[in-house]
Amino acid sequence: MNYPSRLIEDAVSEISRLPGIGKKTALRLALHLLKREEEQTRSLSEALVNMRTKTTYCTQCHNIADEALCNICSNPKRDKTIICVVVDTRDVLAIESTNQYRGLYHVLGGIISPLEGIGPSDLEIDSLLSRVEQTGEAEPVQEIILALSPTMEGDTTAFYLQKKLKTTGVKMSTIARGIPIGGDLEYADEITLGRSIVSRVAYD
């Protein structure tokens, strides 16, 4: 494609690096931004830079946060006796959108995948064990929900966590298999995902 300007070509090249955006969509977005007020484009670029440079992670659950604790961990109305274990922030957002869960989360930051060289030490597993094993808490953890995508890697991770947590005596459950095998939580519809949380079953 012959671009009318090197500046447009550079913009299209960068925008098309985003997932799901091809060259044509990138060109359409670039031309749209070109027609907008300069201040709107500047605000967009500043928001993206701030997101990249200032975003932090919750020291407790490892979810994306603005402060040391995310708005879920710091919410006194959340049930601190239940922890829902997920892969990443996208899964937190998916579950939160169902309005069916009022406990806390723990973001692993990935799943065990030997083929990709990802082992237990690469994930936030030790901090999960520390949260469960903390004694003297006013509201000790009573249940761990394994909300991992039902893939081979997800099942491997769930099995590993079940072995590590077995000696703690904490109840363990997994979301009901309303989620299709091989599917990802972020693509599940809200009704199916909500029912999976409510109808969770004991993890054997």
Going by the conditions given, is residue 45 under 30 Å from residue 92 (Cβ atoms) and of a type outside the set (A, V, I, L, M)?
yes
Considering only residues that are under 20 Å from the mean Cα position of the chain (by Cα) and in a loop (DSSP other than H, G, I, E, B), which ones fall in the stretch 140-166?
147, 148, 149, 150, 151
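Quick one: which of 111, 125 is among the β-branched types (Val, Ile, Thr), touching a Lys or Arg at 6+ places or on another chain (Cβ under 8 Å) and within 18 Å of residue 144 (Cα to Cα)?
The conditions single out 125.
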Criterion violated by residue 5 - all others in (1) of a type in the set (Ser, Thr, Tyr); (2) farther than 27 Å from residue 150 by Cα; (3) within 28 Å of the chain's Cα centre (by Cα) satisfied:
(3)
Matching residues, the stretch 80-108, being assigned to a loop (DSSP other than H, G, I, E, B) and within 16 Å of residue 57 (Cα to Cα)
87, 88, 108
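No lab work stands behind these numbers, since they all come straight from the coordinates. Nothing here was measured: the structure is a model prediction, and the numbers come from that model. Ideal geometry is used to build each Cβ from the backbone, glycine not excepted, and the neighbour counts take in all protein chains shown.
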